[in-house]
Amino acid sequence: MAERRLARLRREYIYRRSLKGKQAELYEKQRILKKCLQEGKPIPGNLKAEIVKLKESLDTQDAASEAKGVSDLDNEYANSGVEDPKVMVTTSYVPSQKLLQFAKELSDVIPDATRMNRGQHSIRQLTESCRNHNVTDLIIIHESKGIPDGMIVSHMPLGPTAYFGLVNVVTRHEIEDAVPMSLQKPHLIFHGFSTKLGERVTNILKFLFPACKDDSKRVVTFANENDFISFRHHTFKKNGNQVELTEIGPRFEMKLYQLRLGTIEMKEAENEWVLRPYMNTAYKRKAL
């Protein structure tokens, strides 16, 4: 039953995203009217003149295509910022010591993130556990020959899911003179994300972190150059008119290669964007 409900909610969400302009406005009016009728609430004044026409159109539609309690067409992150995110970090099966170390450091970078030992848990078991415990994002880190080389960020409960390749991973203990990590919530800097896809990736990464206080001395940077996203983690202090940065670590580069409209276990989810081989030679066209 839970799987059928999740699939239905996903179909409804994709339908809402496909609507444009007047069609989207009509759909929203129909949704509000249906909600009022179901909950026995008064009809809003601006809908009373159209109530007959809206009611007739509702009667002819399949109930499975109706959204319940959602007012935002692009609602995946509509509630982000209301409550702090709850992030779970885990690894692929049988992780190496370096991958475990990297997963631990990544969970330390994201405030209040929980690191989970993968064990023999399947992807479906992980996502079900995340939904049952109100986890907002699941991060899975992969490796090749003992070197972290992939990261999946899946937003709960309906997606999206972003797939990143990782290169040049340097953990904290490999950075000389790395200072202890503060528990303050970090400021976020996003640089070089100028396209619509870039804004989408910015939201995926931004909402992993809670809002910070103005006096926080931590800063996390995602800097995009030629579609490679450089991750850096620093503390800073002001010295007169100068600002001194001290690297905390870890540091690495990310490259987006797939974005799917669904969570990681949804095999039927559509691709929103995929890196194609011919894109590697299109230097003048930047995806992010």
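Tabulated data for the structure shown
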item	result
Residue among 269, 287 that alone is at pLDDT below 90, more than 30 Å from residue 83 (Cα to Cα), under 19 Å from the mean Cα position of the chain (by Cα) and buried (at least 16 other Cβ atoms within 10 Å of the Cβ)	287
Subset of region 43-86 that is in contact with an Asp or Glu (Cβ under 8 Å, 6 or more places away or on another chain) and of a type in the set (Asp, Glu) - its residue that is modelled with the highest pLDDT	84
Residue that is surrounded by the fewest Cβ atoms within 10 Å (Cβ to Cβ), among those in region 247-265 that are among the β-branched types (Val, Ile, Thr) and out of contact with any Gly (no Cβ under 8 Å at 6 or more places or on another chain)	264
Candidate set: region 114-140, residues that are in contact with an Asp or Glu (Cβ under 9 Å, 6 or more places away or on another chain) and either among the charged types (D, E, K, R) or at pLDDT 95 or above (or both); chosen: the one surrounded by the fewest Cβ atoms within 10 Å (Cβ to Cβ)	124
Odd one out for residue 253, checked against (1) in a loop (DSSP other than H, G, I, E, B); (2) more than 15 Å from the chain's Cα centre (by Cα)	(1)
Residue in region 166-179 that is closer than 16 Å to residue 259 by Cα and touching a helix residue (DSSP H, G or I) at 6+ places or on another chain (Cβ under 8 Å) present	no
Residue match in region 260-272 (condition: under 19 Å from residue 196 (Cβ atoms), of a type outside the set (Asp, Glu) and free of Cβ contacts under 8 Å to residues at least 40 places away in the same chain)	yes
Residues (open to solvent by 80 Å² or more (accessible area, probe 1.4 Å) and free of Cβ contacts under 8 Å to residues at least 12 places away in the same chain) located in region 216-244	238, 239, 241, 242, 243
Subset of region 141-157 [open to solvent by 30 Å² or more (accessible area, probe 1.4 Å), in contact with a Ser or Thr (Cβ under 9 Å, 6 or more places away or on another chain) and touching a residue at least 12 places away in the same chain (Cβ under 8 Å)]	142, 143, 147, 157
Subset of region 170-197 [within 20 Å of residue 110 (Cα to Cα), not aliphatic (A, V, I, L, M) and not in a strand (DSSP E or B)]	171, 172, 173, 174, 180, 182, 184, 185, 186
Those residues of region 202-226 which are over 22 Å from residue 140 (Cβ atoms) and not in a strand (DSSP E or B), in sequence order	211, 212, 213, 214, 215, 216, 217, 226
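Residue-wise test of (1) open to solvent by 40 Å² or more (accessible area, probe 1.4 Å); (2) at pLDDT 75 or above; (3) among the hydroxyl-bearing types (Ser, Thr, Tyr); (4) assigned to a helix (DSSP H, G or I).
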site: 6; (1), (2), (3), (4): no, no, no, yes
site: 11; (1), (2), (3), (4): yes, no, no, yes
site: 17; (1), (2), (3), (4): yes, no, no, yes
site: 24; (1), (2), (3), (4): no, no, no, yes
site: 28; (1), (2), (3), (4): yes, yes, no, yes
site: 36; (1), (2), (3), (4): no, yes, no, yes
site: 88; (1), (2), (3), (4): no, yes, no, no
site: 101; (1), (2), (3), (4): yes, yes, no, yes
site: 112; (1), (2), (3), (4): yes, yes, no, no
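The values are calculated or read from the model by the stated rules, or taken from the named source; none is laboratory data. Because the structure is predicted, anything quoted here is derived from the model rather than measured. Note: ideal-geometry Cβ built from the backbone for every residue, glycine included; neighbour counts use all protein chains shown. Surface areas here come from the heavy atoms of the whole protein model, side chains and all, with no ligands, DNA or RNA. Shrake-Rupley method; radii C 1.70, N 1.55, O 1.52, S 1.80 Å.
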